[in-house]
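Only one structure is covered here, and it is reproduced in the block below.
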């Protein structure tokens, strides 16, 4: 009979693991008894009573793992030693058993869910195209969350899908709501009769939330990815989405949201709109409206709600004019609290569409606007990390997100920037967007409250919130926390940007 | 876009002090940091609130061994900064007014029954029901049962500190079953009132070892500082109905497979007087 032991210094395992490993060792052929325990005095006493104490164990300490084997033969003991590491390692990998079936391929997924009609693809861009093609070949609509899909691949996929009557939402499509199910970064909104097609993710989130918060609802919200409305892709899916909503019996009003499409694409979209019998509201952020269409996401969403309720969209303009007059009054009070030399706004955005919308609004109100993602009359920032005059930064751009999560998820970068901007004696206002919903940070107020409290000692902090009370974060709860921290909280990005612009205007007048 | 679940701070224990804590060890549900005798753990929701726990939702698999930094409402973990406010602070003490009552006696009896029927087969609940010793079959396990019975018998029959010394470190795992039992004993002594404080100090001194996990756990128990699941149980025993006790017992038994039951056994024997059931 052989009794042999091994010591593992500083190796910690929970008791169940050690019990299991001990039991499995004991069950090996030729093994009479085995124990795997921490090297405490008491355990050594028990090992001694059981005949499992070997001389090497005498000097072992409480933090040492002792492995003892009593075997009929040297060979059986050797087999036990060969098995020990595997049994301990197995524990690490099996401690969190899978709680759901995770197929390794699209085909495997379809075996489990043969009635599926949409695939959400989020893999590295170079593989995403092939996966999307596979999904389309299987008759599935595709939401392509991945970015970095080559342009030619996007065109190929979209043409392929178009022929089969399928949608390809993306690449780089972060948001969609299909049959009431939020996909990617999306909010929990009311179901209703307004359909949305958007080539702007946060733009889609903003209009869908405004519509829902007004008591109306969404039939479908189709994202296309921002590149869809460029000349090369030609708006293939933007127009397919529009056609789908035109056919959809549950959609009464259609709302289109995008940064300005290429002129050729815009002409095609305009031509298609003329063939549709439902009211269509268009919001091409930054495009010249000449007073005929909405100029902000907020106005577009409210116009869609008015139309869905059989009212005239002009009523929305009156309502917003009254609201803007109130914002001007708030701005005068806010400007009065600023010190001499404080004269600039610093917009720190997690949503690219919001960053663009703020710049467009500022272009009409103040001069000297700079951005890392210029829109309207704004100029290119020399260094994205350093503000110049009135600066509006899209923190979701590549220079900030390479190797780290999106700023809607990870607030650390923006929080640092808020505190830096607040220290700048020329900063008067810090403007922020807070985006709620699935995919976004689950508790934004805990991230922001501290820094807002600190920043507002020196500057005004204005926040907009994109979200609903049905979102996991609960809009009103977030609003309450941010207000308690000292922020001025407004319901839309347009309202928040206008207030910031009015304050800077007023300071300029002084 | 990278679609990662974000780590979110949920709570920070009231005994977590500012400082820089070097990496100590990691497990599936916890990452531990040590500074002197103090062990602070970043844990997931399954482990939950504790006096020295920082609870994170979506605790990722940690690959580096960066130190944990805690200062002025901020925690830097894995190089990422998390803000904590007062509303995140977990209070580990029992609210004043917690007292033993007739309802408590009744609930404690139910808790003892649940330990016998619902706990891990190899937990120390065999001290409440001898039939459960049948679950211990190998030579080592049978000797372990004898040793535990002898030690616990000493604790409740007068030779208390010798019993604690021989029980300490007895059993498998990170915090051996004997240490979990002693932690339950200390929590029970705290609940029984200030008259037992001196004894609790002696028990702690006798049970101290080189095991940082056990020492931290025992030190907190000695001072009446409770992790969330134990606090919930005591609250349910004092104020709750049978369903509340069942729910809180389920929560406790989910701790470390046998650890919760071992601790609960120590607690129930101490609070109920102990000797009669042995």
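Key figures
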{"quantity": "Packing rank of A:356-363, A:385-392, where each peptide gets the mean count of other beta carbons within 10 Å, highest leading", "calculated": "A:356-363, A:385-392"}
{"quantity": "Nearest-0.05 FRET efficiency for residue A:191 and residue B:20, computed from C-beta distance (R0 56 Å)", "calculated": "0.65"}
{"quantity": "Degrees, to the nearest 10: A:314-336 long Cα axis against longest axis of chain A", "calculated": "70"}
{"quantity": "For A:296, A:492, A:506, order by how many other beta-carbon atoms lie within 10 Å, fewest first", "calculated": "A:506, A:296, A:492"}
{"quantity": "Descending Cα extents along the principal axes, chain B, whole Å", "calculated": "61, 42, 38"}
{"quantity": "Rounded to 10°, Cα long-axis angle of helix B:177-192 versus longest principal axis of chain B", "calculated": "80"}
{"quantity": "Nitroxide proxy distance, nm - points 7 Å out along Cα→Cβ at residue B:142 and residue A:45", "calculated": "2.0"}
{"quantity": "FRET efficiency estimate (nearest 0.05) - Cβ-Cβ, residue A:477 to residue A:333, R0 25 angstrom", "calculated": "0.40"}
{"quantity": "Shape call, the range B:8-90: gyration tensor on alpha carbons, a/c limit 1.5", "calculated": "rounded"}
{"quantity": "Least to most buried among B:231, A:23, A:259, A:457 (fewest other Cβ within 10 Å first)", "calculated": "A:457, A:23, A:259, B:231"}
{"quantity": "Calculated FRET efficiency for the pair residue A:104/residue B:135, C-beta based, R₀ 45 Å, to 0.05", "calculated": "0.70"}
{"quantity": "Estimated distance in nm for a label pair at residue A:130 and residue A:379, the labels positioned 7 Å out from Cα along Cα-to-Cβ", "calculated": "4.8"}
{"quantity": "Value at 222 nm in deg cm²/dmol, rounded to 500, when DSSP H runs of n ≥ 4 in the protein assembly as shown each add -39,500 (n - 2.57)", "calculated": "-13500 deg cm²/dmol"}
{"quantity": "Computed lengthening from residue B:239 to residue B:46, 0.36 nm per intervening residue step minus Cα-Cα distance", "calculated": "67.1 nm"}
{"quantity": "Cα gyration tensor, the range B:109-250 - rounded (a/c under 1.5), prolate or oblate", "calculated": "oblate"}
{"quantity": "Between helix A:15-26 and chain A: long-axis angle, C-alpha atoms, 0 to 90°, nearest 10", "calculated": "40"}
{"quantity": "Where labels lie 7 Å past Cα in the beta-carbon direction, separation of residue A:453 and residue B:37 in nm", "calculated": "3.3"}
{"quantity": "Sorted by Cβ neighbour density within 10 Å, fewest at the top, the residues B:24, A:406", "calculated": "B:24, A:406"}
{"quantity": "Cα gyration tensor shape of the range A:373-459, rounded if a/c is under 1.5, else prolate or oblate by comparing a/b with b/c", "calculated": "oblate"}
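Read-outs: derived from the displayed coordinates by stated rules, not from any lab. Everything numeric in this text was worked out from a predicted model, so none of it was measured. For neighbour counting, all protein chains shown are included, and Cβ atoms are generated from backbone atoms with ideal geometry for every residue, glycine included.
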